[in-house]
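The values are calculated or read from the model by the stated rules, or taken from the named source; none is laboratory data. Note that the structure is a prediction, hence the values are computed from the model and not measured. Note that we place each Cβ from the backbone using ideal geometry, even for glycine, and neighbour counts take in every protein chain shown. Quick note on the areas: whole protein, heavy atoms, side chains included, nothing else; ligands and nucleic acids left out. Shrake-Rupley method; radii C 1.70, N 1.55, O 1.52, S 1.80 Å.
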Amino acid sequence: VGKRDWNVVSCYVVTFEPGKGCDADALESALKEGGVWARITPTAWAVMSDSSATALRDSLSKLVGTDGRLFVIRSGVEAAWRHVMCSSEWLKKYL
C-alpha cells in the first residue's frame, strides 16, 4: 500500500440507520477501510477518504440493508459535540 497524500483526502461524517439485511460486520469494515476513522456514536462515524460523498454513499448503501438510511457529508469548518465515543483530539485534528 502506498503512502496516502492527506492533502487530497477529506473527512466525511457518515450516519446510518440499519435496515433489513444490514451486514453490520461488512459495514464496519468498509467504514474502517481508509485506515483513519473514529466512531462518534453507535451509528455515526468520521472517516478519511479520497472518494466523493456520492461514491461513499454508493459503496455503503448495499451494506445498510434494503430500507436502511444513510447520510454522508464532507466535514466543514465548524463542529461541536458532547459525549462522543471517540477522542475529542481525533475530532479536532480531522474534522
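Worth a mention:
- Close amide H pairs (under 5 Å, H built 1.01 Å from N) link Ser75 with Cys11, Tyr12, Val13, residues at least 5 positions away or on another chain.
- For region 58-69, 3J(HN,Hα) computed residue by residue from phi via the Karplus equation (6.51, -1.76, 1.60; θ = phi - 60°) reads 5, 6, 8, 4, 5, 8, 7, x, 4, 10, x, 9 Hz, glycine and proline entered as x.
- Most tightly packed first, judged by the mean number of other beta-carbon atoms within 10 Å of their residues, the peptides 79-89, 46-56 read 46-56, 79-89.
- Cα convex hull, the chain: 102 Å³ per residue, rounded to a whole number.
- A 1.4 Å probe run over the chain, with the rest of the protein chains in place, finds 67 Å² accessible per residue.
- The 3J(HN,Hα) values that the Karplus relation (6.51, -1.76, 1.60; θ = phi - 60°) gives for region 40-57 are, in residue order, 7, 9, x, 10, 9, 10, 10, 9, 8, 7, 9, 8, 8, 4, 5, 5, 4, 4 Hz. Gly and Pro appear as x.
- Charge dipole (debye, nearest 20) of region 6-95; +1 at Cβ of Lys and Arg, -1 at Cβ of Asp and Glu: 220
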